[in-house]
Amino acid sequence: MKELKEALAIYLSIGYQRLYGVYITLAELCYDEGDYPNMARYCEMAVKYGEMTGDTSMQMARIYNFDRRGL
């Protein structure tokens with residue numbers, strides 16, 4: 001969790017837009033820890049960034065599938 005948050009901070013600081021992989025991985029970790037409010041928040045961010053960048057890969061299928069658990 002700590003390393004993912006550090007990576008996210010670096011990505012944000014350089015303006016990197018394809019953050020959805022980091023966000024969905026954070027959501028999965030929150031789910032495993034029972035932290036459902038943050039899981040939902042990270043799912044929302046994964047969807048937001050994935051749609052914003054126009055991604056249509058299997059990564060988005062992973063995000064949409066996981067997102068249904070939290071929202």
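Just a few scattered comments:
- Test result for Y42, over 15 Å from N65 (Cα atoms), aromatic (F, W, Y) and in a helix (DSSP H, G or I): no
- Selection status of I63, at pLDDT 95 or above, in a helix (DSSP H, G or I) and hydrophobic (A, V, I, L, M, F, W, C): no
- From M58, M45, M52, residue being open to solvent by 90 Å² or more (accessible area, probe 1.4 Å) and touching a residue at least 12 places away in the same chain (Cβ under 8 Å): M52
- Complete set of residues in the range 1-39 that are part of a helix (DSSP H, G or I), open to solvent by 60 Å² or more (accessible area, probe 1.4 Å) and not hydrophobic (A, V, I, L, M, F, W, C): K2, E3, K5, E6, Y11, S13, Y31, D32, E33, Y36, P37
The values are calculated or read from the model by the stated rules, or taken from the named source; none is laboratory data. These numbers were taken from a predicted model, which means no experiment stands behind them. Every residue, glycine as well, gets a Cβ built from its backbone with ideal geometry; the counts of neighbours run over all protein chains shown. Keep in mind that these areas ignore ligands, DNA and RNA; they rest on the heavy atoms of the full protein, side chains included. Shrake-Rupley method; radii C 1.70, N 1.55, O 1.52, S 1.80 Å.
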